[in-house]
Every structure is written in C-alpha cells, then in structure tokens.
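No lab work stands behind these numbers, since they all come straight from the coordinates. Keep in mind that this is a model prediction, so the values were computed, not measured. All Cβ positions, even for glycine, are placed from backbone atoms using ideal geometry, and neighbour counts span all protein chains on display.
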Amino acid sequence: VGHWALHLSDAPQMKISEEFPYPFMCRDSSNDPVEKQANMFASAILMPTVLVKDAVSGRDIFSWPALYQLRDEWGVSISALKIRLEKLGFIYH
C-alpha cells in the first residue's frame, strides 16, 4: 500500500498477466530508503497511534508474551510491531 500511495510512478512495475492488468511493485532491498518509507507508511495505517496507545495501556509490553499477543491482535509481524512501538516511543532497542 505504501508503494502504491507514495512511489507508483517511480517503481519498477510488472504485470502478472493480461487477465490481471494491474501492475505490482518489484523491489530488492529492505535497506532502501524507499522501502523504509513504504514500511513506515504501512505501519501507520495498520497500527494507528491512538489505537496502539489504547492497546498497550495496562500491558507489560517489555515481555515477549505480551508483544506476541499484540502481534496476533494486530495481525502484523513481530518485527513490524516492535518497530512501530519503538517509533512511538513505547519501547527502546
């Protein structure tokens, strides 16, 4: 979603088939600043600040079991959750 909203005109595009005419983005590196920007955009959509604040309230988010429970509730990867919590200042790495 981040690439579609932010980088559609700049991204290398591929078509799946003639029956599916919509292009998809193809990138190689997660260290690419464009990838980081798209990931930050996606995490903000999937885990909005106000909802994350409510979700972490009263939880011990410094324990892995609590983080995995949040991961399951949000339907995101543990890495995405950890990065979002760090960006919002709830945890520090």
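If you go through region 34-76 and keep only what is under 10 Å from the mean Cα position of the chain (by Cα) and β-branched (Val, Ile, Thr), you end up with ILE45, VAL76.
Looking only at region 42-62, count every residue that is hydrophobic (A, V, I, L, M, F, W, C) and closer than 12 Å to ALA80 by Cβ and tell me the total. Matching residues across region 42-62 total 6.
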